[in-house]
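The values are calculated or read from the model by the stated rules, or taken from the named source; none is laboratory data. In this text, all values refer to a predicted model and were calculated from it rather than measured experimentally. Counting neighbours? That spans all protein chains shown, and the Cβs are built from the backbone with ideal geometry, glycine included.
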Amino acid sequence: MYKDILKNIDNIAIWPTISFVIFFLFFLGLLWWVFTADKVYLSNMSDKPFEDGVKKDTEPDLK
Amino acid sequence: MELEKISYDNKIVKAFIIVTVIFGIVGMTVGLLAAIQLFYPLWNFDLQYTTFGRIRPLHTNAVIFAFVGNAMFAGVYYSMQRLLKTRMFSDMLSWVHFWGWQLIILAAAITLPLGLTTSKEYAELEWPIDIAIALIWVVFGWNMIGTILKRRERHMYVAIWFYIATFITVAVLHIVNSFEIPVTLFKSYSWYAGVQDALVQWWYGHNAVAFFLTTPFLGLMYYFLPKAADRPVYSYRLSIVHFWSLIFIYIWAGPHHLLYTALPDWAQSLGVVFSIMLIAPSWGGMLNGLLTLRGAWDRVREDPVLKFMVVAVTAYGMATLEGPLLSLKNVNAIAHFTDWIIAHVHVGGLGWNGFLIFGIFYWMVPKMWGTKLYSTKLANVHFWIGTLGIMFYALPMYIAGVVQSLMWKEFTPDGFITYQNFLETTTQILPMYMLRAVGGTLYLTGVFIMTYNLIKTAYAGKFVANEEAEVAPMTRTAASGGWHHALEGKPVLFTALALVAILIGGIIELVPTFLIKSNVPTIASVKPYTPLELHGRDIYIREGCVGCHSQMVRPFRSEVQRYDPVNGEYSKAGEFVYDHPFLWGSKRTGPDLHRTGGKYADSWHYRHMLAPGDVSNGSIMPAYPWLYEQMIDKEETPGKISALRTVGVPYAEGYEETANDDLDKQAARISENLQMEGYEIAPEAEIVALIAYLQRLGIDIQSEKVAGVPN
């Protein structure tokens, strides 16, 4: 049954190609963006785990 | 700007932590039982509910879905609220998710020992439970997406991306792999057959490891490691590349589980190439984790949380280097079907998942109960005993795997197989099996120590059910940061892109195998199973025979000579076209069975299944006395026939009406055969059906010419 469904999609062969091209371009763009990204922004993002709004003094130290 | 007062829900996290610890102990204890059964078969207890074949899936399901799964939810619910600066979307959905998941685990714990299984690894649960899993998974996703949409933090931290990818990919994998046609309430047949079923199953199996055991835990690593080390992640830039490359590449690598099998060569090669490529993102992620500790290594010496995390991330790096190496065909030729693979998965399971969970729990529990950890010393003891446990588990398994594989492949100078009797290669490694049980015991002891420590910690503090926080409302204007930056503020688009990324590999691998005929050359003499053989096959599935016996003779001289010395045939794709599900297996604790048909007399099988040790001296196979007392249910025959016809097996229309006549005739033949040799057995006894199936295995091809391209 699933074979019939797959066969009935017009030009099914083009779909993987299109999706691959989309993703490949996305990836190139991603690399380009990553290496040109603003340093301040990156450092802001990496601070996110520390900005949960919980008062520090309520967090006991482990030791 | 005015700050809003909100509270984070710790109660749901607490619930998930408790069940994680309970199911961790249960799952590992069952694993230890399975480990002991392998060198001390008496521990199968001659009881059908406790034989290795049924206990092994119980162990894998318990540790993957109950222990690691619940831990994942605990970590996700804790970190997601704080990273998005909001309580979960709906407390009610959180609890529906929690109880739904526990009920599924309960259903698994009942059905697997009963032998209700599809036999597809890590997807053994039968169709009603599959539906429940899909529904509860959607509840989890709904709650998660809802939380993301009501967040007060415009930009989603990288951990959240890993959670999103986990949700959508597991949903896709589970649904595609669970396509099955129900026969009864607790019996179904896979929609796919043979090679196609194998490809879908390992596309699922491999990516279940990727998206259930890896991506969510990478998300947790990106949150909890910086928190525990009290410093931001080493490179946020690297984490972005890590995420996209990992989810894109991982999905392609599934076929490396099927090297040298009847899977088309191009699919095997694709799996190998992408497995090698996986080293880059995996090691990028590992280095990012370890380098986060730069300048804090002195604390690693003292803080058990960081110790656990460092070993976890290192184990991740080791396992993700070993995985690609195992996917090279020359390495795979040695390692596949052996205990090497068991070592590999346990470095990942015990090291990466287990240790990361322990580290996170030692960090989270004191915080949630507003106190200090009860005993740092005990946590350190846990760390060392756990590390030793991993060593004692993995090293003997590496040795066992390589020794057994080399024994399988050894030839005498005259060109014969040195170890003709498969059993010799198993008994040789029994001391390693014993050592492995020692390793497992050490690791489990560590978990008991942690349980004690965490309970004492909780009693010393006061549980903070709702943690108060003050956060700023979300601003509508985004700071400038480029297009990916904008993407992080658009969760729906982000999810869609992640979905596209994981679908590409799956589509390119699966669709051609389904549509192009030459990928599975047909063999004219391969015919559907007879009704009695079908019953026998279902017993084979129920008893979990596939856990120890493969049905895939690989095209090696050593295997062809061992398993089919007369005709010299390795397993061909066309032989499996009526196998719903495929039963190729992934481990040979006993010999391959694909060419076992006609090799032994019916009476040999009769005596062997009753007392394997009497027939093969020193055998570690459990006995199956109940097969001689239980009768097959002939009323199910018509249902089996029509279900299989629906999925493409060419039984003639109306055959279900007369199928039982054929069944009776074949059963009477076998039972008369046995009677002649002095064994009285009712023709309807399950053992008769099982013998019929075993005697059918791999014999169709003997009278055959291959039509089409040989694989």
(message) Restricting to the stretch B:227-272, name every residue that is among the β-branched types (Val, Ile, Thr) and away from every other protein chain (no Cβ under 14 Å).
(response) B:261, B:272
(message) I'd like to check which helices (runs of 4 or more DSSP H) are fully inside the stretch B:11-97 and have at least 2 residues that are within 14 Å of chain A (Cβ to nearest Cβ).
(response) B:69-83
(message) I need every pair where a residue in the stretch B:500-525 that is hydroxyl-bearing (Ser, Thr, Tyr) has its Cβ under 7 Å from the Cβ of a residue that is modelled with pLDDT under 75, sequence separation at least 6 or different chains.
(response) B:513/B:519; B:518/B:708; B:518/B:709; B:522/B:707; B:522/B:708; B:525/B:703; B:525/B:704
(request) For residue B:618, state whether it is in a loop (DSSP other than H, G, I, E, B), at pLDDT below 95 and closer than 24 Å to residue B:581 by Cα. (result) no
(message) Given the criterion within 14 Å of chain A (Cβ to nearest Cβ) and touching a residue at least 24 places away in the same chain (Cβ under 8 Å), identify the matching residue among B:286, B:364, B:318.
(response) B:364
(message) So if I check each of B:459, B:452, B:433, which one is away from chain A (no Cβ under 14 Å) and crowded, with 20+ Cβ neighbours inside 10 Å?
(response) B:433
(request) State all residues of the stretch B:301-315 that are part of a helix (DSSP H, G or I), within 14 Å of another protein chain (Cβ to nearest Cβ) and buried (at least 20 other Cβ atoms within 10 Å of the Cβ); if no residue qualifies, say none. (result) B:304, B:305, B:306, B:307, B:308, B:309
(request) From the list B:639, B:613, B:648, pick out the single residue that is part of a helix (DSSP H, G or I) and either at positive phi or at pLDDT below 95 (or both). (result) B:613
(message) Just to be sure before I move on: is residue A:37 within 7 Å of chain B (Cβ to nearest Cβ), over 30 Å from residue B:374 (Cα atoms) and either surrounded by 14 or more Cβ atoms within 10 Å (Cβ to Cβ) or at pLDDT below 85 (or both) in the structure I sent?
(response) yes
(request) Return only the number of the condition from (1) farther than 26 Å from residue A:36 by Cα; (2) buried (at least 22 other Cβ atoms within 10 Å of the Cβ) that residue B:260 does not satisfy. (result) (2)
(request) Could you figure out which of (1) outside any loop (DSSP other than H, G, I, E, B); (2) in contact with a helix residue (DSSP H, G or I) (Cβ under 9 Å, 6 or more places away or on another chain) isn't true of residue B:298? (result) (2)
(request) State yes or no: is residue B:176 touching a Phe, Trp or Tyr at 6+ places or on another chain (Cβ under 8 Å), within 12 Å of chain A (Cβ to nearest Cβ), among the β-branched types (Val, Ile, Thr) and in a helix (DSSP H, G or I)? (result) yes
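To keep it simple, each residue is scored yes or no on (1) away from chain A (no Cβ under 14 Å); (2) surrounded by fewer than 17 Cβ atoms within 10 Å (Cβ to Cβ); (3) in a helix (DSSP H, G or I); (4) over 17 Å from the mean Cα position of the chain (by Cα).
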| position | (1), (2), (3), (4) |
| --- | --- |
| B:105 | yes, no, yes, no |
| B:110 | yes, yes, yes, yes |
| B:114 | yes, yes, no, yes |
| B:123 | yes, no, no, no |
| B:129 | yes, no, yes, no |
| B:133 | yes, no, yes, no |
| B:146 | yes, yes, yes, yes |
| B:156 | no, no, no, yes |
(request) Pull up the stretch B:1-41, narrow it to residues that are among the small types (Gly, Ala, Ser) and over 23 Å from the mean Cα position of the chain (by Cα), then point me to the one that is surrounded by the most Cβ atoms within 10 Å (Cβ to Cβ). (result) B:15
(message) For the stretch B:593-621, which positions are touching a Pro at 6+ places or on another chain (Cβ under 6 Å) and over 25 Å from residue B:673 (Cβ atoms)?
(response) B:620
(request) Out of B:503, B:534, B:510, report the one residue that is over 25 Å from the mean Cα position of the chain (by Cα) and either facing chain A (nearest Cβ under 10 Å) or assigned to a helix (DSSP H, G or I) (or both). (result) B:534
(message) Filter the stretch B:635-670 down to the residues that are touching a residue at least 12 places away in the same chain (Cβ under 8 Å), among the polar types (S, T, N, Q) and away from chain A (no Cβ under 14 Å) and list them by number.
(response) B:637, B:642, B:660, B:666
(request) Quick one: in the stretch B:566-582, of everything that is within 27 Å of residue B:177 (Cα to Cα) and hydrophobic (A, V, I, L, M, F, W, C), which residue is surrounded by the fewest Cβ atoms within 10 Å (Cβ to Cβ)? (result) B:577
